[in-house]
Structure formats: structure tokens, C-alpha cells
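The structure appears below as C-alpha cells.
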Amino acid sequence: MKKLLLLIACLYFFPSQGQEEKKTLADLAATEKLSQEVVDLFEKMDIRSAFVEMAQYWPLPDNEIESLEGQTIRYLNMLGERLGEPQGSSKVKTEHIGDFAQRETYILRYEYSAIRIIFSYFRNDKGWVLNAFKWDDSFEEEFIINK
């Protein structure tokens, strides 16, 4: 009985060997390409495809990514009338921390307002991974002038 409980505990606490390993991006040009692809999919309101693209490089459990996808779809649907129709996107800035982290910020313009989309990437020993993804409708911070 103890051996069975130990086996169940090991299966529960340790990831499955059959679990798909996440891919890495080769360089910063690849991170920028992924970011632009995701922004383009957001503009088309193809949120599911955007999350499928990001999930390949995002070392989060699949259930957490699916939850974030569902929340994003719900919130964007709620904001739909307030935002209006998509009008295009612009890359606002790229920031670096040494040679191991990069943050890319985009603005997705709509008829009446805009949303900000932020991607953070981290370089590990295999390549670049998506470390964080965020979108919001608070793009006012982008007006702050760095001194």
C-alpha cells in the first residue's frame, strides 16, 4: 500500500515525461516576429490562434494558458463596443536588460480607444522563451518621458 501511495505521489508531483517540451526562439528577431504575429491575430480577434502561437514558447502549464485565453476572450468581448473596430497596430518600444531579457510593447488601435500589448522574453541556455504576456487598456504610461 505504501508503494502505491508513493507511486501516486510521484505521478502527481513530478511532470509527466510524455509532456511536450516548450520550444525556444533562436534570437531577438524571432521574438519580434512572434510578437507581431500575436498582435496581428489580436487585431483579427483570433485570440485562440494567438494563444496557440504563444503557448509553444511559454513555459506555463497548458491549463494556465487556457485559463488566460478564456479570460482574454471574455474581457475583449466585453470591451468590444467601447473599443470599436480595429484600426491597426504600432510597435511602441523595445527594452532590454543586459543580453538576457527583452520587453516589447505594442499599441493596438481601435475606432474609439486602444489596448497595450506587452511581451517579455527571457534567454535561457537553449534560447529565448516567452516569460510574460500582458494586455490592458491603460496605455497612458506610454506617454511618460524617461529622464
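Check PHE100 against each of (1) under 24 Å from LYS22 (Cα atoms); (2) in contact (Cβ under 8 Å) with a residue 40 or more places away in the chain and name the one condition it does not meet.
Every listed condition holds for PHE100 apart from (2).
Which numbered condition in (1) of a type in the set (S, T, N, Q); (2) farther than 15 Å from ASP136 by Cα; (3) modelled with pLDDT of 95 or more is the only one that SER120 fails?
Unmet for SER120, out of (1) of a type in the set (S, T, N, Q); (2) farther than 15 Å from ASP136 by Cα; (3) modelled with pLDDT of 95 or more: (2).
Would you pick out the residues in the stretch 29-46 that are among the hydrophobic types (A, V, I, L, M, F, W, C) and either at pLDDT 95 or above or buried (at least 18 other Cβ atoms within 10 Å of the Cβ) (or both)?
Scanning the stretch 29-46 gives ALA29, ALA30, LEU34, VAL38, VAL39, LEU41, PHE42.
Evaluate the following for TYR110: is it surrounded by 11 or more Cβ atoms within 10 Å (Cβ to Cβ) and farther than 19 Å from ALA30 by Cβ?
Judged against the criteria, TYR110 is a match.
Restricted to the stretch 56-68, and to residues that are touching a residue at least 24 places away in the same chain (Cβ under 8 Å) and not hydrophobic (A, V, I, L, M, F, W, C), which residue is surrounded by the most Cβ atoms within 10 Å (Cβ to Cβ)?
Looking at the filtered set, the residue picked out is TYR57.
Would you tally the residues in the stretch 32-55 being in contact with an Asp or Glu (Cβ under 7 Å, 6 or more places away or on another chain) and touching a residue at least 60 places away in the same chain (Cβ under 8 Å)?
Looking only at that region, the number is 4.
Within the stretch 70-87, does at least one residue satisfy the condition of being within 12 Å of the chain's Cα centre (by Cα) and not aromatic (Phe, Trp, Tyr)?
Yes, there is a match, as at least one residue in the stretch 70-87 is within 12 Å of the chain's Cα centre (by Cα) and not aromatic (Phe, Trp, Tyr).
Can you tell me which residue among GLN102, GLN87 is in contact with a His (Cβ under 6 Å, 6 or more places away or on another chain) and on the phi < 0 side of the Ramachandran plot?
GLN102
The values are calculated or read from the model by the stated rules, or taken from the named source; none is laboratory data. All figures in this text were calculated on a predicted structure; none of them were measured in a lab. We place every Cβ from the backbone using ideal geometry, glycine too, and count neighbours over all the protein chains shown.
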